[in-house]
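This report refers to the structure that appears directly beneath it.
Throughout, read-outs are computed from the coordinates displayed, never taken from laboratory work. Since we're looking at a predicted model, the values are computed, not measured. Cβ atoms come from the backbone with ideal geometry, glycine included; neighbour counts cover every protein chain shown.
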Amino acid sequence: MTITMKKAMLLLTLLGIGVVNAVAQAQPAAAYPTRPVRFVIGFPAGGPTDAAGRIMAQSLSQSLGQTVLIDNRPGADGAIGGELAAKATPDGHTLLLGSSGNMAGAPAMRKNLPFDPIADFTPITFVGWNSQLLVVNAGTPAKTLAELVSYARANPGKLVVAAANPSTVFALAQVKSTAKVDMLSVPYKGDAAAVPDMITGRANILIGGTNLVLPHVKEGRLRAIAAITRTRTRPAPDVPTMVEQGFPNFSIYGWFALFAPSKTPLAVIERLDREVTAVLKRPETQDQFGKIGFEVGNMPRQEVPAFVKDQLSSWAAAAREAGIERQ
């Protein structure tokens, strides 16, 4: 065999290897998904993250050709769900619908978080902004944030805060620190678990998902004091924001993003990003989000890691300023 022939055969072999590698890299996206896809949610059914997941799941099931299942794993400020997703096989079939609660709030409150929000996950899509309302029991004599602060000052330790989610813990801690008021915090396992005690008056204050608390506000069982949003929320346009009511440095806002365990193939990440983004752009999805106060996000996937890092810093700073100690 001549040297020229050997070179030609070597070239063909290398080209063949390149084709095989290219096909292998394309296969994960082409074959994916091969079974139902699971959205792990670190909070109970009925809350904001759960609502966002269920809105997306039906349309995404159709576009992926496999059922998208909602797997609620509440507990430890969303850390239980986060750990489960972080340790899942990185093949795109188990994903985390993460939120500010477990991707920024929990790290600021817990010393031994069982996952790293940055190292253990690859962002897929920034889903959007959450909507929450600060509500009080109908018997609590306050209709504005200023009146609530005045009542709390006149009655130190009397008001009971239903600490049902990281947003409540952080937001009310900011209020307590800024306004110099004393309120008693009682832990609850999610917004839905806290609402009955709010209605009966065993608890006085809750920051809960607009989708969950607004029906009770409309029926007079709860009273909305402030919107925990950057601007007034569509379902409750008459409720002013925290900033509008004299808290210009308020910084605790809810958000959602979809994450995959780290080392998930890039082809799978890109396929999911395309499909989820397409679902979020649909008018019916945006209308469903808007009706419960959610705002669809428009952040490119490549910018999400920096955003999460910034949120980790912001929530940690808020914890220090409010005197929240990591447990």
Residue by residue, what Karplus-based ³J(HN,Hα) values in Hz, rounded to whole numbers, does region 239-254 have, using 6.51, -1.76 and 1.60 with θ = phi - 60° and x for Gly and Pro? 8, x, 7, 5, 4, 4, 9, x, 10, x, 9, 4, 9, 9, 10, x
Restricting to Cα pairs under 8 Å and 6 or more apart, the percent relative contact order of the chain works out to 26
Within region 256-272, name every residue whose backbone N is under 14 Å away from a label modeled 7 Å from Cα of S63 along the Cβ vector. 258, 269-272
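Thinking of region 132-245 as a set of Cα atoms, what percent of all their pairs are more than 16 Å apart?
On the way: 3391 of 6441 pairs.
Across region 132-245, Cα pairs with separations above 16 Å total 53 percent.
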Positive-end residue, the chain charge dipole about Cα centroid, Cβ charges, pick of G105, Q286, A52: G105
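Among DSSP beta bridges lying fully in the chain, give the percent that are antiparallel, nearest 5.
Values: 23 of 37 bridges.
Roughly 60 percent of the DSSP beta bridges within the chain come out antiparallel.
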Highest mean packing first, using Cβ neighbours within 10 angstrom, the peptides 192-205, 228-241 sort as 192-205, 228-241
Average silhouette area of region 201-299, convex hull of alpha-carbon atoms, in square nanometres: 8.9
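Got a sec? How would D191, D182, D273 order by Cβ neighbour count within 10 Å, fewest to most? Walk me through the intermediate numbers first.
Working: D191 27, D182 12, D273 19.
Fewest to most other Cβ atoms nearby, the residues stand as D182, D273, D191.
Assign one of three labels to region 175-238, namely rounded, prolate or oblate, based on the Cα gyration tensor with a ≥ b ≥ c the square roots of its eigenvalues; rounded applies when a/c is under 1.5, prolate when it is not and a/b is larger than b/c, and oblate otherwise. Could you put the intermediate results ahead of the total?
On the way: a/c = 1.82, a/b = 1.11, b/c = 1.63.
Here region 175-238 falls in the oblate category.
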When a footprinting reagent is the concern and you count Cβ atoms within 10 Å, what order do T140, T67, T210 take, fewest first? T67, T140, T210
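Considering the convex hull of the alpha carbon atoms of the chain, report its projected area averaged over all viewing directions, in nm², one decimal.
Working: hull surface 77.5 nm².
Mean orientational projected area (the chain, Cα hull): 19.4 nm².
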Give the distance, in whole Å, between the Cα centre of region 115-141 and the Cα centre of region 238-287. 10
Across K158/K189; K176/K218; K87/K281; K87/K111; K143/K180, pairs whose alpha-carbon gap is larger than 29 Å: K87/K281
For region 99-108, take each phi angle, set θ = phi - 60°, evaluate the Karplus expression 6.51 cos²θ - 1.76 cosθ + 1.60, and give the result in whole Hz per residue in order, putting x for glycine and proline. 9, 4, x, 9, 9, 9, x, 4, x, 7
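Which order do the peptides 172-179, 263-270 come out in when sorted by mean C-beta neighbours inside 10 angstrom, highest first? Intermediate results must be reported in sequence, preceding the final value.
Details: 172-179: 19.4, 263-270: 17.0.
Final packing ranking: 172-179, 263-270.
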If S99, S313, S251 are placed from fewest to most neighbouring beta carbons inside 10 Å, the sequence is S313, S251, S99
If the only charges are +1 at each Lys and Arg Cβ and -1 at each Asp and Glu Cβ, what is the size of the charge dipole of the chain around the Cα centre, to the nearest 20 debye? 160
If amide H atoms are built 1.01 Å from N in the plane of the peptide, which residues on other chains or at least 5 residues away come under 5 Å of the amide H of G46? A51
How large is ³J(HN,Hα) for each residue in region 262-276, as worked out from phi by the Karplus curve 6.51 cos²θ - 1.76 cosθ + 1.60 (θ = phi - 60°), to whole Hz, x for Gly and Pro? 4, 6, 5, x, 4, 4, 5, 4, 5, 4, 4, 4, 4, 5, 5
How much of the DSSP beta bridge set in region 132-245 is antiparallel, as a percent to the nearest 5? 60
Residues meeting the amide H criterion for S185 (H placed from the backbone, H to H distance under 5 Å, 5 or more places apart or on another chain) are V161
